[in-house]
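Asks: Provided herewith is a single structure, encoded as structure tokens, for subsequent inquiry.
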Amino acid sequence: MTRFHAMTAAAAVSGLALVAAGTASAAPVHWQRSVFPYGPEPSFCGGLTQQGVDTGKFRMVPRAGIGHHEAEGNYVETWTNLDTGDFVTVKGSYKEHTLHATIDPDGIVTALSSGPGAVTVYDSDGHKLAHRAGLTRAVYVVDQMGTPADPDDDVVLSRTPVKQTGQSFPFCDPIIAAIG
């Protein structure tokens, strides 16, 4: 999961940041809807520009005195070569939940999350260029910025995949080949 990483991080920020925000009594258990537009921004694929929108839902489930996030959603992105105007569309879906979370004395949250996801890349005519699906486990590290009760200022310091299963492809390759 490559842009999938950023998408999942963005979608999970609102949920994962709340992991550190409170105890079991403060954590909501109902689903909250989210819409997260992003871009246009430079991408990690050869300077192409990406923009998109992630729509989904998340919730916090109290477990062992700390909220654990659950999130699911879909996203659609456009990746554009600004020099030529050529573009591809990336569509994906994901589900993710916290398996384990800890908070250190400095307010840094470390959470192991896992879930299935899929991503498909289409050319500008709608023809499928690549597809992958599988399960990803990742470790999120989030800084609460000294305000555990205010998740709005939390910063995702990193998201590191630790295990991936299923179909895969080097994410940038079909995009660069199509619009490079």
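The values are calculated or read from the model by the stated rules, or taken from the named source; none is laboratory data. Worth saying up front: this structure is predicted, and the values here are computed from it rather than measured. In this analysis, Cβ positions are derived from the backbone assuming ideal geometry, glycine residues included, and neighbour counts consider all displayed protein chains.
Asks: Among the listed residues 166, 126, which satisfies the condition of being on the phi > 0 side of the Ramachandran plot and more than 19 Å from the chain's Cα centre (by Cα)?
Replies: Just a single option satisfies the conditions, and that option is 126.
Asks: List the pairs whose first member sits in the range 146-165 and is modelled with pLDDT under 85, whose second member is surrounded by fewer than 11 Cβ atoms within 10 Å (Cβ to Cβ), and whose Cβ atoms are under 9 Å apart, counting only residues at least 6 apart or on separate chains?
Replies: 146/106; 153/146
Asks: Inspect the range 64-71 for any residue being of a type in the set (Asp, Glu) and either assigned to a strand (DSSP E or B) or free of Cβ contacts under 8 Å to residues at least 60 places away in the same chain (or both) and give the result as yes or no.
Replies: yes
Asks: Which of the residues spanning the range 70-90 are more than 28 Å from residue 56 (Cβ to Cβ) and surrounded by 15 or more Cβ atoms within 10 Å (Cβ to Cβ)?
Replies: Result: 81, 86.
Asks: Say whether the condition of being touching a Gly at 6+ places or on another chain (Cβ under 6 Å) and farther than 21 Å from residue 87 by Cβ is met by at least one residue in the range 113-130.
Replies: Checked against the condition, which is being touching a Gly at 6+ places or on another chain (Cβ under 6 Å) and farther than 21 Å from residue 87 by Cβ, the range 113-130 yields no hits at all.
Asks: Quick one: would you say residue 159 is closer than 19 Å to residue 97 by Cα, surrounded by 15 or more Cβ atoms within 10 Å (Cβ to Cβ), touching a Ser or Thr at 6+ places or on another chain (Cβ under 6 Å) and not small (Gly, Ala, Ser)?
Replies: no
Asks: If you check 61, 90, which single one turns out to be assigned to a strand (DSSP E or B), of a type in the set (A, V, I, L, M, F, W, C) and more than 26 Å from residue 144 (Cβ to Cβ)?
Replies: Among 61, 90, only 90 is assigned to a strand (DSSP E or B), of a type in the set (A, V, I, L, M, F, W, C) and more than 26 Å from residue 144 (Cβ to Cβ).
Asks: Scan the range 75-87 and give yes if some residue there is in contact with a Cys (Cβ under 8 Å, 6 or more places away or on another chain), in contact (Cβ under 8 Å) with a residue 60 or more places away in the chain and under 30 Å from residue 124 (Cβ atoms), otherwise no.
Replies: Yes, the range 75-87 has at least one match.
Asks: OK, next. Among the candidates 144, 164, which residue alone is under 17 Å from residue 103 (Cα atoms), of a type in the set (S, T, N, Q) and surrounded by 11 or more Cβ atoms within 10 Å (Cβ to Cβ)?
Replies: So the residue among 144, 164 that is under 17 Å from residue 103 (Cα atoms), of a type in the set (S, T, N, Q) and surrounded by 11 or more Cβ atoms within 10 Å (Cβ to Cβ) is 144.
Asks: For residues that are loosely packed, with under 14 Cβ neighbours inside 10 Å and touching a residue at least 40 places away in the same chain (Cβ under 8 Å), tally how many sit in the range 114-141.
Replies: Counting residues in the range 114-141 that are loosely packed, with under 14 Cβ neighbours inside 10 Å and touching a residue at least 40 places away in the same chain (Cβ under 8 Å) gives 0.
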